[in-house]
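*Asks:* Quick one: this structure, given as structure tokens, is what I'll be asking you about.
All of the numbers you see were taken from the coordinates with simple rules; none came from a lab. Just so it is clear, the structure is predicted and the values come from calculations on it, not from any experiment. With ideal geometry, Cβ positions are generated from the backbone for all residues, glycine too; neighbour counts draw on all protein chains shown.
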Amino acid sequence: MKLITIIFIMLLTNTLTSIGLNIPSSALMNGCSNISLLNDQPSAFSSNPALLNPGIESTASYLYNISDLPFYGLHINIKYRNLGWSGNLSYLNHSLYKEISAITGLNLDLQYLRSGISIQYLHVNISGYSQKGVLLINGGISWDVGKLTQSFYWINITSSCIKKNILPVYFVGECCYNWDNAISLAIGLEKERDFDFSYRFGCKWQFFPFLGLTSGYQYQPERLSFGVMFKLIKCRLDYSVRTHKELDLTHYLSLSYELFKN
């Protein structure tokens, strides 16, 4: 009960400014410090619209290992030639706070240059406040230079508000070096309006076709993460865990199926 109290004091302080936090969308994102360039699964689009991986993915978690703070996600991506569509739905549920996020958007893949834009509908229900829904627009771009992939994405371009409070606006830059087909190293820099920069480092190691590992480190605030990937033909199971300076571990589990790329 003490942990729940801490979370919701943080959440409700400063009148709604903590709505729409950048929660990892999947086990892979949770296991590599939320760096989207390391995510080759459908959930990548919900964070960075420049990245679209055809398939279906579902995610479940108890944030900070609290049984009555569940988080669920569903991601569906379809791609035809160089044009892709994505639909994403996530649900954070607690008796004091409920958040539903629905994201849809388009992605254009020109082989070495990718871009995307998404529209997000965010509906929140906070105990003591009336229910409220708001639209956000997100955008991203990604490009390749040899073995180096770089990306920039902007969350809440419209600076949308709830009850005259601007929801979090994120500017995120990432760079990933693909050492070979098995090892990828990445760094991310995130800036939220009115907050200091947050630095992230991540690694993905696919040492067998059916088995891989992820790890990550975040500075400001300091967090460590680890994950494991199991793949069988087109199906994949991801598990990850992430630390928190003051709260308990957050465990994620994701199941995905790769769709055919036209």
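*Asks:* Output the pairs from LYS79/LYS147; LYS79/LYS231; LYS98/LYS132 with a Cα-Cα distance over 18 Å in this structure; if there are none, say none.
*Replies:* LYS79/LYS147; LYS79/LYS231
*Asks:* If you build a Gaussian network model of the chain, linking Cα atoms that sit under 10 Å apart, which residue out of ILE35, ILE117, ILE183 swings the most?
*Replies:* Of the options given, ILE183 has the highest mean-square fluctuation.
*Asks:* Right, another one. Residue-wise, which Karplus ³J(HN,Hα) couplings in Hz belong to the stretch 119-124, taking 6.51 cos²θ - 1.76 cosθ + 1.60, θ = phi - 60°, and x for glycine or proline?
*Replies:* 10, 10, 9, 10, 10, 10
*Asks:* Would you tally the net charge around VAL124, using a Cβ to Cβ cut-off of less than 11 Å, leaving VAL124 out, and scoring K and R as +1, D and E as -1? Mind dumping the intermediate values first?
*Replies:* On the way: positive: LYS98, LYS132, LYS163; negative: GLU99.
Local charge sum for VAL124: +2.
*Asks:* Considering the chain, what Rg and Dmax in Å follow from its alpha-carbon atoms?
*Replies:* Expressed in Å, the Cα Rg and Dmax of the chain come to 17.5, 53.
*Asks:* Pop the C-beta distance of LEU247 and PHE201 into the FRET formula with R0 = 22 Å and round what comes out to the nearest 0.05. Could the numbers behind the result be given before it?
*Replies:* Values: r = 21 Å, r/R0 = 0.97.
That gives a FRET efficiency of 0.55.
*Asks:* Then there's this: Can you give the longest run of the chain that contains no chymotrypsin sites (Phe, Trp or Tyr not before Pro) sitting in a DSSP loop with at most 16 other Cβ atoms inside 10 Å?
*Replies:* Working: sites that count: TYR112, TYR129, TRP179, PHE195, PHE210, PHE260.
My reading of the result: 1-111 is the longest stretch.
*Asks:* A further question on this structure: Let me have the relative contact order for the chain, percent, based on Cα pairs under 8 Å that are six or more residues apart. List each step's numbers first, then the result.
*Replies:* Numbers: 748 pairs, mean separation 52.9, N = 262.
Here the relative contact order equals 20 percent.
*Asks:* Just GLN150, GLN206, GLN220 to compare: in a GNM of the chain, with alpha carbon springs under 10 Å, which one fluctuates most?
*Replies:* Of the options given, GLN220 has the highest mean-square fluctuation.
*Asks:* Could you tell me the extents of the stretch 172-257's C-alpha atoms along the three principal axes, largest first, rounded to whole Å?
*Replies:* Extents along the principal axes, in whole Å: 45, 30, 19.
*Asks:* For every other residue with a beta carbon closer than 15 angstrom to the beta carbon of ALA182, add +1 if it is Lys or Arg and -1 if Asp or Glu, then tell me the sum.
*Replies:* Summing Lys/Arg as +1 and Asp/Glu as -1 gives +1.
*Asks:* Using a 10 Å Cβ count of at most 13 others and DSSP loop calls, identify the longest part of the chain lacking such trypsin sites (Lys or Arg not before Pro).
*Replies:* 1-80
*Asks:* Mind checking which of SER184, SER198, SER67 has the largest fluctuation in a GNM of the chain, springs on alpha carbons under 10 Å?
*Replies:* Comparing SER184, SER198, SER67 in the GNM, the peak value goes to SER67.
*Asks:* To continue, here is another question. Using a Förster distance of 25 Å, how high is the FRET efficiency between TYR121 and PHE171, based on the Cβ-Cβ distance and rounded to 0.05?
*Replies:* With R0 = 25 Å, the Cβ-Cβ based efficiency is 0.70.
*Asks:* Short version: ³J(HN,Hα) in whole Hz for each residue of the stretch 141-157, in order, from phi by Karplus 6.51 cos²θ - 1.76 cosθ + 1.60 (θ = phi - 60°), x for Gly and Pro, what are they?
*Replies:* Values per residue, Gly and Pro as x: 9, 9, 8, 10, 9, x, 8, 9, 10, 10, 8, 9, 9, 10, 9, 6, 4 Hz.
*Asks:* Okay, moving on. With runs of 4+ DSSP H residues as the only contributors, calculate the mean residue ellipticity of the chain at 222 nm using -39,500 (n - 2.57) per run, divided by the residue total and rounded to the nearest 500.
*Replies:* -2000 deg cm²/dmol
*Asks:* Treating the beta-carbon of each Lys and Arg as +1 and of each Asp and Glu as -1, no other charges, what is the dipole magnitude of the chain about its Cα centre, to the nearest 20 debye?
*Replies:* For this selection, approximately 320 debye.
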